[in-house]
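Contents: one structure, followed by commentary.
The values are calculated or read from the model by the stated rules, or taken from the named source; none is laboratory data. Source: prediction; values computed, not measured. Ideal geometry is used to build each Cβ from the backbone, glycine not excepted, and the neighbour counts take in all protein chains shown. What goes into the accessible areas is simple: the full protein's heavy atoms, side chains included, and nothing from ligands, DNA or RNA. Shrake-Rupley method; radii C 1.70, N 1.55, O 1.52, S 1.80 Å.
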Amino acid sequence: MTTGELIRAARQAKGLTARRLSLDAHLSESYVGKPDKDQVEPSLKAFANIANALHMNQTEICFVVTNAVR
């Protein structure tokens with residue numbers, strides 16, 4: 001899975017819109033939307049902000065989503 005796919009799956013699993021995630025992560029909606037659509041890779045800081053907004057750490061996003069896909 002790409003980083004964007006991981007973020008999107010985690011966001012959807014939490015029932016959040018991209019707009020809500022952007023507000024919670026203190027990032028612009030357009031910035032959150034780009035990795036969500038696999039247009040760019042988020043910076044490590046942005047990925048950490050997104051993980052925090054999802055109440056997860058970066059490892060948890062990868063682990064939870066990967067296991068859910070199996």
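So in the range 10-30, with the set limited to residues that are in a helix (DSSP H, G or I) and open to solvent by 30 Å² or more (accessible area, probe 1.4 Å), which one is nearest to I50 (Cα to Cα)? So that I can check it myself, show each step before the final result.
Filtering the range 10-30 for residues in a helix (DSSP H, G or I) gives 10-13, 18-25, 29-30.
Going one step further and asking which of them are open to solvent by 30 Å² or more (accessible area, probe 1.4 Å), we end up with 12-13, 19-20, 23-24, 29-30.
Working: Q12: 13, A13: 14, R19: 12, R20: 11, L23: 10, D24: 8, E29: 12, S30: 13 Å.
The residue in question is D24.
Taking the criterion of being closer than 17 Å to N57 by Cα and touching a Lys or Arg at 6+ places or on another chain (Cβ under 8 Å), the only residue of the range 14-31 that qualifies is L21.
Taking the range 1-55 as the range and being in contact with a Gly (Cβ under 7 Å, 6 or more places away or on another chain) and at pLDDT 85 or above as the test, only A18 passes.
It is to be established whether one or more residues within the range 32-42 are part of a helix (DSSP H, G or I) and touching a residue at least 40 places away in the same chain (Cβ under 8 Å). Within the range 32-42, not a single residue is part of a helix (DSSP H, G or I) and touching a residue at least 40 places away in the same chain (Cβ under 8 Å).
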